[in-house]
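Asker: Sharing a structure below in structure tokens format, with a few things to ask.
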Amino acid sequence: MYIAKVIGTVVSTIKISHLEGHKLLLVDQLDLEGQETGYYDIAVDVVQAGPGDTVLVLDEGNGARQVLGLDPGAVRAVIVGLVDEVVLS
């Protein structure tokens, strides 16, 4: 898992059937200081995130497919949470 900033939306009018009805978002992984790293990913959104939101991304294919109830499936990354704050101690 990693924390990322949603930086855009991916529009795909033709996609595999198990992605129908799911929004695809472009995310940029954040470092420990909350800065964007330039490591981009496309993730399936299941929490109604949007551009500018800080999110928790599950980027392990099997776990991502389990979140969506898919087996097998062509999904590697899923947005599973909206992040309110990160506290480092």
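Asker: What number of residues in the stretch 7-50 are within 13 Å of the chain's Cα centre (by Cα), part of a loop (DSSP other than H, G, I, E, B) and surrounded by 12 or more Cβ atoms within 10 Å (Cβ to Cβ)?
Answerer: 5
Asker: When you look at Gly63, is it part of a loop (DSSP other than H, G, I, E, B), more than 12 Å from Ile3 (Cα to Cα) and at pLDDT below 85, yes or no?
Answerer: In short, no.
Asker: Which count do you get for residues in the stretch 2-22 that are of a type outside the set (A, V, I, L, M) and within 16 Å of Ala74 (Cβ to Cβ)?
Answerer: Residues that pass the stated criteria total 7.
Asker: Still on this structure: What's the number of the condition Asp53 fails, among (1) at pLDDT below 90; (2) within 19 Å of Val86 (Cα to Cα)?
Answerer: (1)
Asker: Six or more apart or on different chains, Cβ under 7 Å: which pairs go from a residue in the stretch 63-84 that's more than 25 Å from Gly52 (Cα to Cα) and among the small types (Gly, Ala, Ser) to one that's at pLDDT 65 or above and surrounded by fewer than 15 Cβ atoms within 10 Å (Cβ to Cβ)? Could you list them?
Answerer: Ala74/Ile16
The values are calculated or read from the model by the stated rules, or taken from the named source; none is laboratory data. Keep in mind it's a predicted model, so treat the numbers as computed, not measured. Positions of Cβ are backbone-derived with ideal geometry, glycine not excepted, and every protein chain shown enters the neighbour counts.
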